[in-house]
Amino acid sequence: MFLILWRHNTLVVRYKSIFFCVSQDINWFFKVIKCNLSTLMGAKRLKISDVVRETGINRSTVNRLYHETTTRIDYETLEILCDYLECNIGDFLEIVRDQKRATQPSRS
């Protein structure tokens, strides 16, 4: 049985009676690509059902992208969504190099 803890910028994994600690650069542990589907849909006042109906993309795929729980996206899906939302790939997907930037709203 595994026990995983995050404490003071240190990842601690316990397996049985053995502890493993990772305290160096752990940016690999966090997602670094942010999907802006929810923001783009909000700007156009669209619902998930609207996007599903108009694009023909599976509802679970749109839902995972909207809630940022997906781990991959097909090129075809990306192309359809960018065409539908009239945006570029860079508007749809964004590389986040710092976890603080991904969770804190900008104050501009």
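The values are calculated or read from the model by the stated rules, or taken from the named source; none is laboratory data. Source: prediction; values computed, not measured. All Cβ positions, even for glycine, are placed from backbone atoms using ideal geometry, and neighbour counts span all protein chains on display.
Provide a single number: the residues in the range 51-83 that are part of a helix (DSSP H, G or I), surrounded by fewer than 11 Cβ atoms within 10 Å (Cβ to Cβ) and either under 18 Å from the mean Cα position of the chain (by Cα) or of a type in the set (Val, Ile, Thr) (or both).
Looking only at that region, the number is 2.
Taking the range 84-99 on its own, how many of its residues are in a helix (DSSP H, G or I) and more than 15 Å from Lys34 (Cβ to Cβ)?
Qualifying residue count for the region: 2.
Could you list, in sequence order, the residues of the range 59-92 that are without any contact (Cβ under 8 Å) to a residue 40 or more places away in the chain and among the hydrophobic types (A, V, I, L, M, F, W, C)?
Of everything in the range 59-92, those that are without any contact (Cβ under 8 Å) to a residue 40 or more places away in the chain and among the hydrophobic types (A, V, I, L, M, F, W, C) turn out to be Val62, Leu65, Ile73, Leu78, Ile80, Cys82, Ile89.
Collect the residues in the range 31-48 that are closer than 18 Å to Thr69 by Cβ and outside any loop (DSSP other than H, G, I, E, B), keeping them in residue-number order.
Matches in the range 31-48: Ile33, Lys34, Cys35, Leu37, Ser38, Thr39, Leu40, Met41, Gly42, Ile48.
On the given criteria, is Tyr75 touching a Ser or Thr at 6+ places or on another chain (Cβ under 9 Å) and modelled with pLDDT of 90 or more?
no
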